[in-house]
1. Among (1) over 17 Å from Met118 (Cα atoms); (2) part of a helix (DSSP H, G or I), there is one condition Asp73 misses while meeting the rest; what is its number?
2. Taking the condition touching a Phe, Trp or Tyr at 6+ places or on another chain (Cβ under 8 Å), open to solvent by less than 70 Å² (accessible area, probe 1.4 Å) and not in a helix (DSSP H, G or I), does Val78 pass?
3. Within segment 18-34, take every residue that is open to solvent by 40 Å² or more (accessible area, probe 1.4 Å) and in contact (Cβ under 8 Å) with a residue 24 or more places away in the chain and give me the one that is farthest from Val137 (Cα to Cα).
4. Any residue in segment 102-122 that's assigned to a helix (DSSP H, G or I): show its pairings with residues that are aromatic (Phe, Trp, Tyr) and open to solvent by less than 90 Å² (accessible area, probe 1.4 Å) at Cβ separation under 6 Å, as long as the two are six or more apart or on different chains.
5. For segment 7-16, which residues satisfy the criterion of being of a type outside the set (S, T, N, Q), surrounded by fewer than 22 Cβ atoms within 10 Å (Cβ to Cβ) and touching a residue at least 24 places away in the same chain (Cβ under 8 Å)?
6. Under 6 Å between Cβ atoms, which residue pairs at least 6 apart in sequence (or on different chains) link something in segment 84-96 that is open to solvent by less than 70 Å² (accessible area, probe 1.4 Å) with a partner that is in a loop (DSSP other than H, G, I, E, B)?
7. Return yes when Gly156 is modelled with pLDDT under 90, open to solvent by less than 40 Å² (accessible area, probe 1.4 Å), touching an Asp or Glu at 6+ places or on another chain (Cβ under 7 Å) and in a loop (DSSP other than H, G, I, E, B) and no when it is not.
8. Tell me which of these Ala159 doesn't satisfy, since it passes every other one: (1) small (Gly, Ala, Ser); (2) more than 21 Å from Phe12 (Cβ to Cβ); (3) touching a helix residue (DSSP H, G or I) at 6+ places or on another chain (Cβ under 7 Å).
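The values are calculated or read from the model by the stated rules, or taken from the named source; none is laboratory data. Here the structure is a predicted model, which is why all the values come from computation and not from measurement. As a convention, Cβ positions derive from the backbone with ideal geometry for all residues, glycine included, and neighbour counts pool all protein chains shown. Surface areas here come from the heavy atoms of the whole protein model, side chains and all, with no ligands, DNA or RNA. Shrake-Rupley method; radii C 1.70, N 1.55, O 1.52, S 1.80 Å.
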Amino acid sequence: PELVSREFGDFFVETALRVGATGGVIVHSGGADSTTTAALANKAFSRYNLSNPKRKLELVGYMLPSNTNSPEDEEDGVKVAKRLGISYEVLNIEPVAEAYKATNPEAFEKTYDKGNLMSRIRANILSTKAATERKLVIGTGNKDEDFGIGYYTMFGDGAVHLSPIGALPKRL
């Protein structure tokens, strides 16, 4: 695990430095995938920052709840962010989703379509945060969910710069 952790970390740092990024952003639910990915990135950035205090890399966690999420997800995300010592923000996306009713009311007729819309809204917010902060979007999808089941939302949870655990089964 230590070797794999270091390899992931080196990948985060090398990629961020190569593209001139100031770190990474992650949607953080407090679940296993986002917690693992955030811990790996934060550990790597912290290790790098110790020897490079003039050009630090930062990880920012975003909790992007809506009415379709359990309040416990947001609470778990905040707890993990605090425990890891990473910056975080909670931004309720429900007002953005409600605005779509004016142009795309059909997206609210089926749970499937609304779920995909919510995923795309999260991706849009996260990629905009990443762009304005000059950070990379770090994905949290795993092999079982993204490739085993074969489902992720195009321009949603699949819209990331890095997918570090994308090749790992959930159990790993």
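1. Condition not satisfied by Asp73: (1).
2. no
3. This residue is Ala32.
4. Close Cβ pairs satisfying both conditions: Lys114/Phe108.
5. Within segment 7-16, Phe8, Gly9, Asp10, Phe11, Val13 meet the criteria.
6. Between residues of segment 84-96 that are open to solvent by less than 70 Å² (accessible area, probe 1.4 Å) and residues that are in a loop (DSSP other than H, G, I, E, B), the close pairs are Leu91/Leu64; Ile93/Leu64; Ile93/Ser66; Glu94/Ser66; Glu94/Asn67.
7. Criteria not met by Gly156.
8. Exception for Ala159: condition (2).
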